[in-house]
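Here the structure is laid out as structure tokens; the discussion comes afterwards.
The values are calculated or read from the model by the stated rules, or taken from the named source; none is laboratory data. Being a predicted model, the structure only gives us computed values, none of them experimental. All Cβ positions, glycine included, derive from the backbone under ideal geometry; neighbour counts span all protein chains shown. Quick note on the areas: whole protein, heavy atoms, side chains included, nothing else; ligands and nucleic acids left out. Shrake-Rupley method; radii C 1.70, N 1.55, O 1.52, S 1.80 Å.
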Amino acid sequence: MSAWTTILLLVISNIFMTFAWYGHLKLQEMKVISSTTPLIFIILLSWGIAFAEYCFMIPANRFGFHDNGGYFTLPQLKVIQEAITLGVFAVFTIFFFKGEALHWNHLAAFLCLIAAVYFVFMEN
């Protein structure tokens, strides 16, 4: 598996995870569910979506890990995943929650995460 395949799988898994964590808020906004919808229903719905996330995340980590023939160390995989998570979240927020605005400090935080990716790939 190439490094890019690992990253693609991480992106897909994070799309599912973002929907699992925040999609119910959009469903509520769209009046598909209400604030009185039982929490257990929301949890089970999110778990179902999260199962799809795991179907991409586990192979990405398993095959992307250097001890399994991949290209990344464990810290590199984690930092890449966190950077992807914030990128996917930003896109999700912009396109699905138009009332939520991203500000300069959000961009600054994201740039710090990009710096974290840089530092985790630096040679010791």
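Annotations
- Verdict on residue 115 being free of Cβ contacts under 8 Å to residues at least 12 places away in the same chain, part of a loop (DSSP other than H, G, I, E, B) and more than 19 Å from residue 1 (Cα to Cα): no
- Residue check for residue 45: in a helix (DSSP H, G or I), free of Cβ contacts under 8 Å to residues at least 40 places away in the same chain, open to solvent by 50 Å² or more (accessible area, probe 1.4 Å) and touching a His at 6+ places or on another chain (Cβ under 8 Å): yes
- From the list 18, 6, 85, 36, the one residue that fits, being among the hydroxyl-bearing types (Ser, Thr, Tyr), farther than 23 Å from residue 98 by Cβ and in a helix (DSSP H, G or I), is 6.
- Extreme residue, most open to solvent (accessible area, probe 1.4 Å), among residues of segment 24-42 that are over 20 Å from residue 95 (Cα atoms) and of a type outside the set (A, V, I, L, M, F, W, C): 36
- Members of segment 78-112 that are of a type in the set (A, V, I, L, M, F, W, C), open to solvent by less than 40 Å² (accessible area, probe 1.4 Å) and touching a residue at least 24 places away in the same chain (Cβ under 8 Å): 79, 80, 83, 84, 88, 92, 97
- Filter result (open to solvent by 50 Å² or more (accessible area, probe 1.4 Å) and more than 18 Å from residue 86 (Cβ to Cβ)) within segment 3-23: 4, 5
- Selection from segment 48-73 of residues that are closer than 30 Å to residue 123 by Cβ, surrounded by 13 or more Cβ atoms within 10 Å (Cβ to Cβ) and not small (Gly, Ala, Ser): 56, 57, 59, 61, 62, 63, 65, 71, 72, 73
- Members of segment 1-34 found to be charged (D, E, K, R) and either touching a residue at least 24 places away in the same chain (Cβ under 8 Å) or touching a helix residue (DSSP H, G or I) at 6+ places or on another chain (Cβ under 6 Å) (or both), listed by number: 26, 29
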